[in-house]
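The values are calculated or read from the model by the stated rules, or taken from the named source; none is laboratory data. This structure is a prediction, so every number in the text was calculated from the model and none was measured. Don't worry about glycine lacking a Cβ; one is built from the backbone with ideal geometry, like all the others, and counts go over all protein chains shown. Side chains included, ligands, DNA and RNA excluded: accessible areas come from the protein's heavy atoms. Shrake-Rupley method; radii C 1.70, N 1.55, O 1.52, S 1.80 Å.
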Amino acid sequence: MLTAALECEGLVKRYGSLLAVDGLKFSVTEGEAYGLLGPNGSGKSTTIEMVVGVLIPDSGTVRVHGHEMARHPLRAKRLVGYVPQEVALYPDLTGRENLRYFGRLFGLRGQRLRRRVAEVLDVVGLADRADERLGTYSGGMQRRVNIAAGLVHEPKVLVLDEPTVGVDPQSRNAILESVERLVAGGTTVLYTSHYMEEVERVCDRVGIIDRGRIIAEGRPEELMATLSPGGRAEVEVDGDVQAAGVAVAALPGVAVTVADHRPRLLLVTWTEGADRLPDVLQALNGVAAVVRTAAVRPSLEEVFLHLTGTSLRD
Amino acid sequence: MRIILVMSGRELVARLRDWTALLVVLVAPVVLASLFSFALGRADPVAGGVLGVVDLDGSELSAFVIDEVAGSPEVAASVDLRRLPTEEAAEQALRDGDVEAAVIFPRDFGATVQRSGGQSLTILTPAEGARGGIAARGVVERVSAEVYAVTLAARVAVATGLPADEARSEAERDHARQPGLTLDEHVMPGGSAVAAAYYGPGMALLFGFFAVAVAARSLLAERRLGTLARTRAAPVAALAVVAAKGLVGFLFALLGMLATWGSSVLLFGADWGDPLGVVLLFTVFALAATGLTMALVSGPRTGGEAEGSLLVLAFTFAVLGGNLINLYRMPEYMQWVSLLTPNGWATRGFSILTTGGGLSDLGGPLLALAVIAVGFAAVVAVRFRKGLT
Ligand SMILES: Nc1ncnc2c1ncn2[C@@H]1O[C@H](COP(=O)(O)OP(=O)(O)OP(=O)(O)O)[C@@H](O)[C@H]1O
Ligand SMILES: [Mg+2]
């Protein structure tokens with residue numbers, strides 16, 4: 001049996017009368033990437049802060065590789081790397097100095113510290129700007145240093161709280177790639193987000209969190225399959241769009257509309273079957289040329305609506 | 001321990017980079033000490049002339065002390081004493097230039113000395129400078145020794161049954177002094193050099209508190225910055241985090257106070273008394289101020305509102321502790337209240353030093369300050385068990 005790298009049980013945190021986390025329980029096996037997916041205010045950050053030992057739970061326990069956070073905080077913390085939701089670095093130090101500092105807090109020094117700092121700067125692609133003050137970096141660059149600071153000490157368990165919020169698509173991709181590489185390298189990851197596609201890309205398993213409770217858990221494709229039967233795709237065509245639409249709509253159980261501002265883009269949905277895209281392409285054969293196709297994932301909004309019957313509160 | 005140094009080191013680098021370190025430990029103390037010295041006038045060591053003495057008390061003790069002082073060779077060699085009936089007469093004499101300065105024995109002089117051994121004498125100096133101030137101060141120092149000898153003699157006589165005369169010579173042989181008297185200059189519109197001897201240390205103490213507050217603020221700033229949470233996620237005890245901040249605060253306070261002292265001594269020729277005593281008082285006071293301030297900012301939910309209260313605290317303590325208003329001029333109950341502040345104790349310590357006392361006389365203030373420091377360090381330790389978020 002695999003050891004649990006991270007185990008949370010019965011986590012509760014109240015802020016006055018507000019129950020921010022309500023008896024949360026989940027566990028992450030070693031080498032696994034686990035995603036906590038939930039809307040704003042669902043209790044993701046509060047949970048994460050208890051997991052990394054920054055916030056003390058009202059009740060419940062957190063165990064990291066068997067070390068209980070409340071009893072042996074130093075042993076547990078040594079194994080964890082924390083990337084907070086907001087950039088938490090010293091603006092008057094350079095990127096490198098920030099990383100060296102946090103490395104030292106984890107007991108790194110000398111040659112090993114220098115090597116690790118250089119390595120993580122490479123991981124986040126900031127080696128060339130490392131000696132400028134953090135305050136002069138762009139928001140996206142600061143976010144990347146923010147991540148690097150959680151990695152310096154080679155944590156066995158990496159905890160990232162919405163690391164891609166507020167960065168451009170390119171940086172976002174770079175961030176996701178580095179997380180994927182870490183997962184491939186055997187790091188256990190706990191990742192929060194409110195983007196389904198991020199969690200799907202990075203995580204082996206997902207827990208959907210609402211009002212401080214996990215309301216569904218499973219592998220991303222399992223979740224999506226149970227959540228929204230059927231699927232969606234975008235198909236861009238060249239030629240007679242009208243005829244193409246009619247041909248696709250003729251398929252049983254398939255509906256089609258034309259995108260509002262892109263007259264050659266068909267939005268196709270079906271209510272049964274995992275993937276009807278091959279049928280759609282078959283139907284278009286000889287009617288119009290297909291330029292591009294893309295499967296459309298259900299949004300968190302839809303998954304959430306399906307699970308709770310309410311739309312996402314903001 | 002290494003972790004504490006790592007954290008303090010980062011803090012120091014940051015404070016050096018944003019110039020607050022330089023401001024706190026050097027610029028502000030020197031500027032303040034300079035302003036103060038200019039405002040109070042520079043001490044010109046003038047001896048000689050005529051010194052007015054007003055005995056509002058008229059008690060046996062005050063009469064005795066004045067006679068003794070007038071008869072002492074040091075005083076006789078440098079000044080003539082002229083007895084004046086009232087404060088108004090003294091002011092008039094000053095205006096007319098008949099006296100260089102005047103020492104006034106307050107109405108309750110004898111009673112207070114016998115009750116507590118401490119008293120405050122008022123010195124009148126003319127507006128245009130402090131010509132008589134130095135002489136007046138010499139007289140007061142002499143009076144201070146006299147008062148001490150007299151009270152001690154009385155006590156020894158009671159305790160041992162020796163005749164008063166013998167007891168007195170016993171006491172004098174003993175050469176020890178205690179915080180008998182402090183000066184309370186009453187400046188006829190203008191300035192006085194003597195005040196620097198009291199208010200210089202007062203400034204340093206107020207400043208020490210501010211310096212600690214600067215370092216403590218950064219704990220609050222780190223809470224906002226999120227770096228405190230990040231630090232707490234590292235394998236570092238909460239207490240070490242606060243200790244690191246405290247260490248920087250302590251250093252700032254100590255260096256700032258040393259700079260105040262140094263500039264008032266080097267630039268303006270002030271004399272604060274035994275240097276070793278001054279440094280010791282600074283050190284223990286800085287520890288006490290650090291403990292107190294860290295206890296204030298270390299609450300798990302302490303937020304921005306604490307920043308304001310740090311300054312309020314520094315000022316309140318300075319006022320209550322007699323750093324801005326002369327302690328020995330305040331009503332008696334206020335003198336008791338001042339003992340609740342580290343400033344009050346340190347002020348007593350500096351009074352001992354400026355009236356010529358040495359290390360061996362500082363036991364009380366040093367002990368009290370050490371108790372305050374240790375007490376609040378314990379409070380901090382207990383509060384931090386609960387975490388620091
Ligand atoms: N320090 C605090 N004091 C009071 N309430 C808080 C505090 N921190 C969080 N909350 C509340 O607890 C609930 C959960 O907040 P949390 O930050 O954990 O949500 P989140 O899922 O991380 O949201 P987001 O996606 O916006 O980051 C929210 O209703 C929030 O308002
Ligand atoms: Mg959050």
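Assorted remarks:
- Members of the range A:40-56 found to be open to solvent by less than 50 Å² (accessible area, probe 1.4 Å) and away from chain B (no Cβ under 11 Å), listed by number: A:Ser42, A:Gly43, A:Lys44, A:Thr46, A:Thr47
- Filter pass, A:Arg219 being over 30 Å from the mean Cα position of the chain (by Cα), without any contact (Cβ under 8 Å) to a residue 40 or more places away in the chain and open to solvent by 20 Å² or more (accessible area, probe 1.4 Å): no
- Going through (1) within 22 Å of A:Glu32 (Cα to Cα); (2) surrounded by fewer than 21 Cβ atoms within 10 Å (Cβ to Cβ) one by one, A:Arg211 falls short only on (1).
- Whichever residue in the range A:64-83 is open to solvent by less than 10 Å² (accessible area, probe 1.4 Å) and facing chain B (nearest Cβ under 8 Å) and, among such residues, is farthest from ligand 2 (Cβ to nearest atom): A:Lys77
- One residue from A:Gly186, A:Gly207 being assigned to a loop (DSSP other than H, G, I, E, B) and of a type outside the set (A, V, I, L, M): A:Gly186
- In the range A:20-29, the residues that are away from chain B (no Cβ under 14 Å) and either over 19 Å from A:Gly218 (Cβ atoms) or within 10 Å of ligand 1 (Cβ to nearest atom) (or both): A:Val21, A:Asp22, A:Gly23
- Flag for A:Glu97 being closer than 30 Å to B:Thr20 by Cα and within 16 Å of ligand 2 (Cβ to nearest atom): no
- Checked against the criterion of being within 12 Å of ligand 2 (Cβ to nearest atom) and closer than 20 Å to A:Ile215 by Cα, the range A:7-18 has no qualifying residue.
- Filtered by the rule that a residue be farther than 24 Å from A:Glu7 by Cβ and either touching a residue at least 12 places away in the same chain (Cβ under 8 Å) or within 16 Å of ligand 2 (Cβ to nearest atom) (or both), the range A:148-169 gives A:Ala148, A:Ala149, A:Val152, A:Thr164, A:Val165, A:Gly166, A:Val167, A:Asp168.
- Flag if A:Thr61 is more than 13 Å from chain B (Cβ to nearest Cβ), buried (at least 24 other Cβ atoms within 10 Å of the Cβ) and closer than 26 Å to B:Phe384 by Cβ: no
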